[in-house]
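Read through the structure below, which is laid out as structure tokens, and then see the notes.
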Amino acid sequence: MRDYDASVAFLGEWGRFQLMVFFMLCSTILPNGLNSFSLVFVTDTPKHRCLVPEVNLSQAWKEAVIPIEEVNGELERSQCRRYRLDVVRNLSDMGLVPGQDVNLSSLEQEDCVDGWSYSSERYQSTVVSEFDLVCNESWKQPFTSTVFFLGVLVGSFFSGVLSDRFGRKPVLFATMAVQAVFNLAQIASPSWEVLCVFFFCSGLGNISNYISCYVLGTEILTGKARVAYASMGVCIGFALGYMMLPLVAYFLRSWMNLTVAIAVPAVFYIPLWWVLPESPMWLLSQGRVAEAETIVRRAAKMNRVEAPEKIFTDYLIHANTPEAKSVQRYTFLDLLRRRSIAATTIILCFVWFTLSICYFGLSLNTSRLHSDPYISCFLSAVVEVPAYSSTCLAVRFLPRRVAVILVFLVVALSLFFIQLVPQSVLGVAVALEMLGKFAVTAGTSLLFAFTAELYPTGLRNTASGTCVMVSRTGSCIAPFLLQLNVYFKYLSYVTFGSLAMVSAFVTLFLPESFRRPLPETIQQMHKRQSLMRPCITRRKTSKCVTVL
């Protein structure tokens, strides 16, 4: 039976149909770029101090009621403590001057029993100021982001299973709707607990939409168009959305307004339901040959080429055989049933896990590069554009394993060298960190292409979803790994770099997919891996013994 690419070769690679699919699918990723890192602004902690109610205090005591603390070697007003208000009121009524008549260090302090006063210099409001997620409740601020990524984790798996079962297109639009609806619901949250539920549901649709869009494009497009889409197109769409985020957030300083602005654009994608096709490759895997031919004939008409009388003749003959009457359904367990496929899956999951930890760790850490979070966010987004562009070249000319190994080596070396940079040349440390972000971003794009090329059609989305689901555990713990800096300033960098080195080594044991047709069955995938698996020659018999 001929492979899919050979059957549709008459369409060409860059016709009007391919261009339409390419740009429309890339546009559906823009909201993902906006939503994924909106947490940087929505959950940011503004400057705050204990609220002092309107009481009869002298001006000197109004300025002194908040104690001074040493933070990172600098003296700052406390954000979580104040001097006991009743004591301060009595001292003020007696006409005593703080610091002269009264030793402030001897005064008793108390928590912010009346709440907090938040600075509006940078934000009108954030989730932190809305629900007072500071001081004793400060653990809820990073946990809010973790809940979102937990939703992404769960959605990554179930979207893959549902997409392989019901089709790429329905799941693409369904997850887009889920993301938008629950983003809007967040602004009506009566409590932090309800907000977390909505964050979780929004996360369900976030990366799920990305995966479905990615797989749909790689299955519709062929040749150079597929390479451009997989390595650069969909990733550039995400990066453009990411770059738009600080601009939108700069003009919308309220977290509610920003959330609405991120959710509303989903409405403009509704008409695409009647324009974008389902994946013909997926339809063929389900035995729906006639529907696949209809889509390809419409594409031929759009490209102004003549389609053969029978496009999928071999598929049609196969579909009418007794073996194909009941279409084989693949599940998550098929990723683990055969030893070779299970080994590939486990290695890919670890590599994805490492990339996710490094990507989100460096992305979240870039907020410390500059005092202005809008500039920091923009810098972190801009570096992704050349990263994805370079990936396009790597996918065209480099074997997949070589490219992924090079990425991990650059990440590891750049992070290891940061601790060697003197404090006086901070710019070099920033440049090394951005080099690491550049490499890990390129690696994410490469790994999406690599994963999609290794698995057969009926299992491709499930495999991609599973790998991304495992990787999201990395995104959930990345903020906590950054806290390792409390014990040793560069410990988080050493941790990220060490994981990258291990991932570079285990990548050697993955099969190569460079310039090979996509497998359409598990048998084809198993055969490819068997051919590429290393062997050991016995001295006496000179026979090659396959290493499993």
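The values are calculated or read from the model by the stated rules, or taken from the named source; none is laboratory data. Everything quoted here is computed from the prediction, not taken from an experiment. Heads up, the Cβs are rebuilt from the backbone with ideal geometry, glycines too, and the neighbour counts pull from every protein chain shown. Accessible surface areas use protein heavy atoms only, side chains included; no ligands, DNA or RNA. Shrake-Rupley method; radii C 1.70, N 1.55, O 1.52, S 1.80 Å.
Quick notes on this one:
- Distance (nanometres) between label positions extended 7 Å along Cα→Cβ at Leu413 and Trp274: 5.5 nm
- Among beta bridges from DSSP that stay inside the chain, the antiparallel ones total about 85%.
- Per-residue [θ]222 nm for the chain (sum of -39500 (n - 2.57) over DSSP H runs n ≥ 4, rounded to 500): -20000 deg cm²/dmol
- When the charge dipole of the range 104-183 is built from unit charges on Cβ atoms (+1 for Lys and Arg, -1 for Asp and Glu) and taken about the Cα centre, the candidate among Val147, Leu162, Ser129 whose Cα reaches farthest toward its positive end is Leu162.
- Applying 1/(1 + (r/R0)^6) with r as the Cβ-Cβ distance of Val87 and Ser138 and R0 = 35 angstrom yields a FRET efficiency of 0.85.
- Note on Met176: accessible area approximately 10 square angstrom, rounded to 10, probe 1.4 Å, nucleic acids and ligands left out.
- Accessible area of the range 427-522 belonging to carbon and sulfur atoms, whole % at 1.4 Å probe: 76 percent
- Relative to the longest principal axis of the Cα atoms of the chain, helix 522-532 runs at roughly 90 degrees.
- Database remark: amide H of Tyr118 closer than 5 angstrom to no amide H (H placed geometrically; neighbours at sequence offset of 5 or more, or on other chains; Pro and chain starts carry no H).
- Angle in degrees between helix 16-27 and the longest Cα principal axis of the chain, rounded to the nearest 10: 20 degrees
- Trypsin sites (Lys or Arg not before Pro) restricted to the range 197-273 and DSSP loop, no more than 16 other C-beta within 10 Å: Arg253
- Mean Cβ count within 10 Å, highest first, over the residues of peptides 6-15, 139-148, 197-206, 456-465: 456-465, 197-206, 139-148, 6-15
- Length-normalised contact order of the chain in % [C-alpha pairs under 8 Å, at least 6 apart]: 19 percent
- Derived scalar couplings ³J(HN,Hα) [the range 158-165; Karplus, 6.51 cos²θ - 1.76 cosθ + 1.60; whole Hz; x for Gly, Pro]: 5, 5, x, 5, 5, 5, 5, 8
- Between Leu96 and Glu54, the C-beta separation translates, for a Förster distance of 30 Å, into a calculated FRET efficiency of about 0.90.
- Accessible area (Å², 1.4 Å probe, nearest 10) - Lys47: 140 Å²
- For the chain, the longest principal axis of the Cα atoms and the long axis of helix 491-506 meet at an angle of about 10 degrees.
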